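Structure first, then comments.
The values are calculated or read from the model by the stated rules, or taken from the named source; none is laboratory data. This is a predicted model, so every value here is computed, not measured. Glycine also receives a Cβ, built like all others from the backbone with ideal geometry; neighbour counts cover every protein chain displayed. Each accessible area value is taken on the protein alone, full model and side chains, heavy atoms only, with ligands, DNA and RNA left out. Shrake-Rupley method; radii C 1.70, N 1.55, O 1.52, S 1.80 Å.
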Amino acid sequence: MTPLIQLAEAAAAADQKSAEVTDWAGRLGWVAGLLLFIALVYWLMRQGWKWRGSLQSGLPPLPEVPETPSETTLELSGRYHGSTTAGQWLDRIVAHGLGTRSRAELSLTDAGISVVRPGANDFLIPTAALREARLDKGIAGKVLTEGGLLVVTWEHGGTLIDSGFRSDRAAEHAAWVEAINHLNTARTTEGTAR
């Protein structure tokens, strides 16, 4: 093949253009169908969330954070990642706003753990309800590195609940685990001594 023929073929290929879109109705139909499908999926997810909340409606209202807090032992600033049924890290609890992820300020006092969440319901985990604390790697849709999540197990309305928190400074988690478990041990020891 001579260079002249190659040059002519290249010029012919450059002159070819893609065909103009003439089927606007078909394209708009596909776009409308896709948007309807996305809206349906969103609606189904929302209905599932509401259904889960109605299934958990037997859970009593959460204790409120006291207006005048007692002396604070520990404080933590970070994120609240949600609550699940204890031992079942995928069974999210959504009743009373426990399923809402948010920023959180935790304070450990004699009354318990105050969870203050901007934009979501604040609540108190009473000292008597605390069961244990541990470091874990995941809870209901949030998986972190090993030990990257502070999980507090507590009882509310006869249900054991795991609540997951992550501090802005992960080194604080160990002190929280020790303090909560010490509170629980002291409470258990005091109860058996009576």
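Has segment 145-157 got any residue that is under 12 Å from the mean Cα position of the chain (by Cα) and assigned to a helix (DSSP H, G or I)?
Within segment 145-157, none of the residues are under 12 Å from the mean Cα position of the chain (by Cα) and assigned to a helix (DSSP H, G or I).
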- Item | Checking residue 58 against (1) assigned to a strand (DSSP E or B); (2) open to solvent by 50 Å² or more (accessible area, probe 1.4 Å); (3) among the small types (Gly, Ala, Ser), the condition it does not meet | (1)
- Taking the stated definitions as given, is residue 54 in contact (Cβ under 8 Å) with a residue 24 or more places away in the chain and polar (S, T, N, Q)? no
- Message: Consider segment 68-86. How many of its residues are of a type in the set (Ser, Thr, Tyr) and either crowded, with 21+ Cβ neighbours inside 10 Å or in a strand (DSSP E or B) (or both)?
- Response: 5
- Message: Just to be sure before I move on: is residue 89 within 26 Å of residue 174 (Cβ to Cβ), open to solvent by 90 Å² or more (accessible area, probe 1.4 Å), touching a residue at least 24 places away in the same chain (Cβ under 8 Å) and not basic (Lys, Arg) in the structure I sent?
- Response: yes
- If you take the residues of segment 158-174 that are in a loop (DSSP other than H, G, I, E, B) and open to solvent by 70 Å² or more (accessible area, probe 1.4 Å), which of them is nearest to residue 91 (Cα to Cα)? 168
- Query: Inside segment 169-194, can you point out the residues that are at pLDDT below 90, farther than 18 Å from residue 111 by Cβ and acidic (Asp, Glu)?
  - Reply: 172
- Task: Please work out which one of (1) assigned to a loop (DSSP other than H, G, I, E, B); (2) open to solvent by 90 Å² or more (accessible area, probe 1.4 Å); (3) not basic (Lys, Arg) is the condition residue 65 fails and give its number.
- Result: (2)
- Task: Scan segment 117-166 residue by residue and report those that are among the hydroxyl-bearing types (Ser, Thr, Tyr) and at pLDDT below 90.
- Result: 127, 145, 159
- The one condition residue 52 fails out of (1) basic (Lys, Arg); (2) within 20 Å of the chain's Cα centre (by Cα); (3) assigned to a strand (DSSP E or B); (4) within 21 Å of residue 160 (Cα to Cα) is (3)
- Qualifying residues in segment 99-117 (those that are part of a loop (DSSP other than H, G, I, E, B) and under 16 Å from residue 166 (Cβ atoms)) - the one least open to solvent (accessible area, probe 1.4 Å): 117
